[in-house]
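Engineer: Have a look at this one.
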Amino acid sequence: MTENTISSALSTLQTQVGQEVHVSDWMTISQDRINAFAAATDDPQWIHVDVERANRESPYGAPIAHGYLTLSLSVPLRGLVDAAKPIAPGVRNVINYGLNKLRFPNAVRVGSKIRGRFTLQAVEQVAPNVLQITEQYTVEIEGAAKPACIAESVMRLVF
């Protein structure tokens, strides 16, 4: 990859700092998705997977998605799994570098529709072939006033 490609991507991304750069389509959160996440993470807490008990005893009146499931959906909601649509021209890999801040202000009930909104907060070159970006990831729940998740994620774009 040439230095011009990285410089061009850096310049383009710098003009987008402070702007919303992506809004996803709506995604329905199914009980099957919640159950699969519970199995993958060894977190079968009843509020997530016991439908009858959650309907009866949960303060939400239904099973809810794990907070970390909501967080993990940032990857498909941001469109980072489609190699044909890179986050910037010339990007070969997007590496999750971490989080600066994370909150779950609202629960996602089973059957809810969510979408992700992404605002670019910062971009910098951290190595000859790597840019680091910070984005705010906000998960909206259709019809709800409060978001389900607000995270400040840090990613490394490798050229």
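The values are calculated or read from the model by the stated rules, or taken from the named source; none is laboratory data. Bear in mind that the values here come from a model prediction, so they are computed numbers and not experimental data. Every residue, glycine as well, gets a Cβ built from its backbone with ideal geometry; the counts of neighbours run over all protein chains shown.
Engineer: Name the strands (runs of 3 or more DSSP E) wholly inside the stretch 82-159 in which the number of residues that are surrounded by 20 or more Cβ atoms within 10 Å (Cβ to Cβ) and touching a helix residue (DSSP H, G or I) at 6+ places or on another chain (Cβ under 9 Å) is 3 or more.
Structural biologist: Because the criterion is at least 3 residues that are surrounded by 20 or more Cβ atoms within 10 Å (Cβ to Cβ) and touching a helix residue (DSSP H, G or I) at 6+ places or on another chain (Cβ under 9 Å), the strands (runs of 3 or more DSSP E) in the stretch 82-159 that meet it are 113-127, 130-141, 149-158.
Engineer: Scan the stretch 6-21 and give yes if some residue there is among the hydroxyl-bearing types (S, T, Y), closer than 17 Å to I87 by Cβ and buried (at least 16 other Cβ atoms within 10 Å of the Cβ), otherwise no.
Structural biologist: Scanning the stretch 6-21, I find no residue that is among the hydroxyl-bearing types (S, T, Y), closer than 17 Å to I87 by Cβ and buried (at least 16 other Cβ atoms within 10 Å of the Cβ), so the answer is no.
Engineer: Report yes if some residue within the stretch 16-38 is within 30 Å of V126 (Cα to Cα), at pLDDT 95 or above, within 18 Å of the chain's Cα centre (by Cα) and among the charged types (D, E, K, R); otherwise report no.
Structural biologist: yes
Engineer: Among the residues of the stretch 17-40, is there at least one that is farther than 30 Å from A65 by Cβ and either out of contact with any Leu (no Cβ under 8 Å at 6 or more places or on another chain) or part of a strand (DSSP E or B) (or both)?
Structural biologist: No, the stretch 17-40 has no match at all.
Engineer: Follow-up question, since we're still on this one. Restricting to the stretch 58-71, give me the number of residues that are assigned to a helix (DSSP H, G or I) and either aromatic (F, W, Y) or exposed (fewer than 15 other Cβ atoms within 10 Å of the Cβ) (or both).
Structural biologist: Final tally of qualifying residues: 1.
Engineer: Sticking with this structure for a sec: Condition test on R53, is it touching a helix residue (DSSP H, G or I) at 6+ places or on another chain (Cβ under 8 Å), under 20 Å from V139 (Cβ atoms), assigned to a helix (DSSP H, G or I) and without any contact (Cβ under 8 Å) to a residue 60 or more places away in the chain?
Structural biologist: Here the answer is no, as R53 does not meet what is asked.
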